[in-house]
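Down below is the structure, laid out as structure tokens.
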Amino acid sequence: MPHVATWVVPGTQQLVYLREQPLEVFKRYIQKGINSNEAGGILLGHVRGEHLEIIEATEPSFWDRRFRFLFERMPYFHHKLAMKRWKESKGLVRYVGEWHTHPQNYPAPSSIDLTEWQILAADRRDARPLLALIVGCKGLHVEYMFSTGKRCILAPFDAPIEPA
């Protein structure tokens, strides 16, 4: 199932663009059957003014815990890879958020997801909101989570943005 690559914060011109690599990773881990477990990782990308360009989604590691209705990301592998990309890019590629799958066609975050995202948002060193993404069987759920618990659900960008 093809996923939308560009998302917009409603009422603004602020965009999140997903390059091909993250979309390919999401496609590989869509939960297709009853024996398919949740998967997830982190999102790495560039901050371009108010916009985000997501260039990489890490894949689940050996240490992550994967179940039908639960994914628990263990930090070691993902953190190590994020630091490597940050150093290689001289600070241009950074951690911007989290992704994981749900077995629903059009996913929505659980209360556990929202709690975890707020904790991760509060831990951000750059004070930016956390980009949180859930991959469903037929669609994506994309949102920003702020350290205060405020949420901003993004919309698929499928039309030209009207000038402000």
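A short reminder: the numbers here are calculations on the coordinates, not readings from a lab. These numbers were taken from a predicted model, which means no experiment stands behind them. Cβ placement follows ideal geometry from the backbone for every residue including glycine, while neighbour counts extend to all protein chains displayed.
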(message) Counting other C-beta atoms within 10 Å, and keeping those with at most 15, which DSSP coil GluC sites (Glu not before Pro) do you find in region 1-94?
(response) Glu50
(request) For the chain, give the magnitude of the charge dipole about the Cα centre (Cβ charges: +1 Lys/Arg, -1 Asp/Glu; no others), in debye to the nearest 20. (result) 400
(message) Run the paramagnetic zone check for Asp158: 7 angstrom along Cα to Cβ, then residues of region 29-53 with backbone nitrogen under 14 Å.
(response) none
(request) Give the range of the longest stretch in the chain that excludes all chymotrypsin sites (Phe, Trp or Tyr not before Pro) found in loop regions by DSSP and having at most 15 other beta-carbon atoms within 10 Å. (result) 70-164
(request) Set the Förster distance to 41 Å, then compute FRET efficiency between Arg48 and Thr115 from the Cβ-Cβ distance, nearest 0.05. (result) 0.85
